[in-house]
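Structure first, then comments.
The values are calculated or read from the model by the stated rules, or taken from the named source; none is laboratory data. Just so it is clear, the model here is predicted, and its values are computed rather than measured. A quick note on method: Cβ atoms are made from the backbone with ideal geometry, for glycine too, and the neighbour counts reach across all protein chains shown. SASA here: full protein model, heavy atoms, side chains in, ligands and nucleic acids out. Shrake-Rupley method; radii C 1.70, N 1.55, O 1.52, S 1.80 Å.
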Amino acid sequence: MAFSLELTEEQRDLRDWVHGFAAGVVRPAAAEWDEREETPWPVIQEAAKIGLYGFESLADLFGDPSGLSLQIANEELFWGDAGIGMALFGTSLAVAGIFSAGTPDQLAEWVPQCFGDEDDPKVAAFCVSEPQAGSDVSAMRTRAVYDEARDEWALTGQKAWITNGGIANVHVVVACVDPSLGARGQAAFVVPPGTRGLDAGRKIKKLGLRASHTADVFLDDVRVPGSCLLGGKERLDARLARARERSAAEAGGGAGGGAGGGDSASASGAAGRQRTQAAMATFEVSRPTVGAQALGIARAAYEYALEYAGDRVAFGRPVVENQSIAFALADLRTEIEAVRLLIWQASWMARNDKVFDAGQGSMSKLRAGELAVAASEKAVQVLGGAGYSREHPVERMYRDAKIYTIFEGTSEIQRLVIARAITGRHIR
């Protein structure tokens, strides 16, 4: 069978289309919305009008059997600007949560409501992290209690660092149904628009990604119909029964643990893939996508530094002709190409139901996140004093990049996942 890394015509067209939007619409608006620290609704509406923001476009991206289209679009959009990119793609995490756990009827009902339409675009939020449960998702305290008489679920707790939290039309909330089962006792729920008891806390003032809204979310006896349990009650009861049996078996014979930080870990051999239920299934889908976002930042910083170094003259010649600068840029380009291949491999594996037997999902996010930080820092250094000024975008890229070594599993958590996968041992 022939092997090729060449993109298809459709993928090249997608790349060029998103790149054009990023260059023509996103970049010119980036500094303004970063300074304002507000959701860029006009940009979201413009993306909706051309079909870049919406259910149909996301379905097309997910539908690519190679798994690459979603990553191509993310790389190009975040090349334009990471804050606006997150404002546009933050909704996709909630959609991934619905897709991972929901029934076909639930997908049909809720996914379109996550986006709204081009005249009145909406955003959605995926609510997992808590003040005491970030990388350690098993420490989640938000509770979901079933009221059988009314066929309702009551959600109570606090979520932290939620993208689009409080301003979302649809909130997807992961809560603990059976605390004795830890992460295995969790389930995901849709909180419909206007539901009483869900309130936004403080809007978080962030170092980077300032055009993306982030806030705490409080749930005070939030009542949702039984139909809002993603996957349905029958499936949940069956899963909890299996989890209780497994817990009993582990108590008798000892066992390892799942990986923290929102990833899926594959212990070697017969242990197979270990998932931490609703939250983990979503993060498993999103891990290479987060890597593609970080790669977009890295590429943007590298390209800006390369162009600047070719134009900037010092000591009678362009600074790019200095070996220290040229070698640094050569290293960045090499890393960018290598990390893209790692992301594409993990994306293809995830799309085609291949087991991450060496933590490939975590590998892609780990290397991309650290590359984004390194590339943007080097870009600031290449520009010198100019790079420290807000007159050049590398300062913003530097601030935006850092979160990619922190959210959706810190770099340390990614290494833990990889270590557990390659050793088959419960590394702590």
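Restrict the check to the stretch 8-29 and report whether at least one residue is open to solvent by less than 80 Å² (accessible area, probe 1.4 Å) and acidic (D, E). Scanning the stretch 8-29, I find no residue that is open to solvent by less than 80 Å² (accessible area, probe 1.4 Å) and acidic (D, E), so the answer is no. Residues in the stretch 55-75 that are over 15 Å from F99 (Cβ atoms) and of a type in the set (G, A, S): S66, S69, A73.
Within the stretch 400-412, restricting attention to residues that are assigned to a helix (DSSP H, G or I) and open to solvent by 30 Å² or more (accessible area, probe 1.4 Å), which residue is farthest from S212 (Cα to Cα)? Among those that are assigned to a helix (DSSP H, G or I) and open to solvent by 30 Å² or more (accessible area, probe 1.4 Å), it is E412. Among the numbered criteria (1) in a strand (DSSP E or B); (2) open to solvent by 30 Å² or more (accessible area, probe 1.4 Å); (3) not β-branched (V, I, T), which single criterion is violated by K159? With (1) in a strand (DSSP E or B); (2) open to solvent by 30 Å² or more (accessible area, probe 1.4 Å); (3) not β-branched (V, I, T) applied to K159, the lone miss is (2). Mind listing whichever residues of the stretch 164-193 are open to solvent by 20 Å² or more (accessible area, probe 1.4 Å), of a type in the set (S, T, N, Q) and under 18 Å from F99 (Cα atoms)? If the condition is that a residue be open to solvent by 20 Å² or more (accessible area, probe 1.4 Å), of a type in the set (S, T, N, Q) and under 18 Å from F99 (Cα atoms), then N169 is the only one that fits.
Among the residues of the stretch 377-399, those that are out of contact with any Ser or Thr (no Cβ under 7 Å at 6 or more places or on another chain) and either open to solvent by 90 Å² or more (accessible area, probe 1.4 Å) or closer than 15 Å to G85 by Cβ (or both) comprise E377, Q381, Y388, R390, E391, P393, R396, R399. Scanning the stretch 309-324 for residues that are surrounded by fewer than 21 Cβ atoms within 10 Å (Cβ to Cβ) and either hydrophobic (A, V, I, L, M, F, W, C) or in a helix (DSSP H, G or I) (or both) turns up G310, D311, V313, A314, F315, V319, V320, E321, Q323, S324.
Taking the conditions (1) open to solvent by 40 Å² or more (accessible area, probe 1.4 Å); (2) farther than 26 Å from G208 by Cα; (3) outside any helix (DSSP H, G or I); (4) hydrophobic (A, V, I, L, M, F, W, C) in turn, F356 satisfies each one other than (1).
The condition (being of a type in the set (D, E, K, R), over 21 Å from the mean Cα position of the chain (by Cα) and either open to solvent by 30 Å² or more (accessible area, probe 1.4 Å) or over 22 Å from L209 (Cα atoms) (or both)) is satisfied by just one residue among R367, R428, R415, R351: R428.
Scanning the stretch 325-348 for residues that are open to solvent by less than 50 Å² (accessible area, probe 1.4 Å), of a type outside the set (K, R) and touching a residue at least 40 places away in the same chain (Cβ under 8 Å) returns I325, A328, L329, L332, I336, V339, L342, I343, W344, A346, S347. Would the stretch 38-55 turn up any residue that is acidic (D, E) and closer than 25 Å to S389 by Cα? Checked against the condition, which is being acidic (D, E) and closer than 25 Å to S389 by Cα, the stretch 38-55 yields at least one hit. Take the conditions crowded, with 22+ Cβ neighbours inside 10 Å and farther than 29 Å from E391 by Cβ and apply them to G296. Does it pass? For G296, the condition - crowded, with 22+ Cβ neighbours inside 10 Å and farther than 29 Å from E391 by Cβ - is not met. Where helices (runs of 4 or more DSSP H) fall entirely within the stretch 67-137, those with at least 1 residues that are modelled with pLDDT under 95 and open to solvent by less than 10 Å² (accessible area, probe 1.4 Å) are at 82-101.
Can you find a residue that is assigned to a strand (DSSP E or B) and acidic (D, E) anywhere in the stretch 175-192? Looking through the stretch 175-192, none of the residues is assigned to a strand (DSSP E or B) and acidic (D, E).
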